[in-house]
Amino acid sequence: MQISFSKTRSEAVMKLLASTDEFDAFHEERIKRKKRSRWDNPIKKKLRLKKRALAAGAQAEAPAPGPKRPAVLMPDEYLPPNKILFIQNLPLDITKEVLTSLFSQFENLYEVRMIPTKKDIAFVEYGDETSATVAKEALHNYKLDNETKLKVTYARK
């Protein structure tokens, strides 16, 4: 247990120990100290200066932007199982038919979607999570053209 002592006596203690005149003097001094400490508060000073500047006709300046914290994304390897797989590092000349034949080795293949604007990625959807998991484990780091390895991860939901 830690005991901390106050720097000054409280009003309740002064009522018990001091006479009425001493208490009144103590109370007035305490109120003056309170006002002074509030007036000297650096945050309040800054606010007062800002109000004076606005009253004088100056425009309020926008607060300086603080450093933005980057959005924390979960690495692809740790995404929860999903029936949709995200395929990366595809060769640029690959076709939808080649991907369909590659991923149809595993049962419950539902759909293969190529991204027209980005030729090196695709989505492969299965009927259930277990089929997608089997395909992911079998084809992750698979060499399609003997030089680039496929990166197969679960798609973000």
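Near the amide H of Tyr142, within less than 5 Å, lie the amide hydrogens of Leu150, all on another chain or at least 5 residues away, with H placed in the peptide plane.
With a cut-off of 15 Å between beta carbons, the residues surrounding Glu107 carry a summed charge of -3, where Lys and Arg count +1 and Asp and Glu -1. Taking every full run of DSSP H in the chain, the ones that stretch at least 18 Å from end to end by Cα along their long axis and average -1.0 or higher on the Kyte-Doolittle scale are 42-55.
Give me the net charge for the shell around Asp76: Cβ to Cβ below 12 angstrom, other residues only, Lys and Arg +1, Asp and Glu -1.
On the way: positive: Lys136, Lys151, Arg156; negative: Glu77.
Once all neighbours under 12 Å are counted, the net charge is +2.
Helical content alone sets the calculated 222 nm signal of the chain at -12000 deg cm²/dmol, taking -39,500 (n - 2.57) per DSSP H segment of four or more residues and averaging over every residue. Annotation for Thr8 and Lys46: the two label points, set 7 Å from Cα along the Cα-Cβ direction, are 2.7 nm apart.
The modelled label-to-label distance between Asp145 and Arg30, using points 7 Å beyond Cα along the C-beta direction, is 8.3 nm.
Overall, the accessible surface of region 1-52 at a probe of 1.4 angstrom is composed of carbon and sulfur to the extent of 57 percent.
Using the heavy atoms of the protein chains alone and a 1.4 angstrom probe, what is the accessible area of the chain per residue in square angstrom? Could you put the intermediate results ahead of the total?
Values: 12680 Å² over 157 residues.
Result: 81 Å² per residue.
The values are calculated or read from the model by the stated rules, or taken from the named source; none is laboratory data. Everything quoted here is computed from the prediction, not taken from an experiment. With ideal geometry, Cβ positions are generated from the backbone for all residues, glycine too; neighbour counts draw on all protein chains shown. Accessible surface areas use protein heavy atoms only, side chains included; no ligands, DNA or RNA. Shrake-Rupley method; radii C 1.70, N 1.55, O 1.52, S 1.80 Å.
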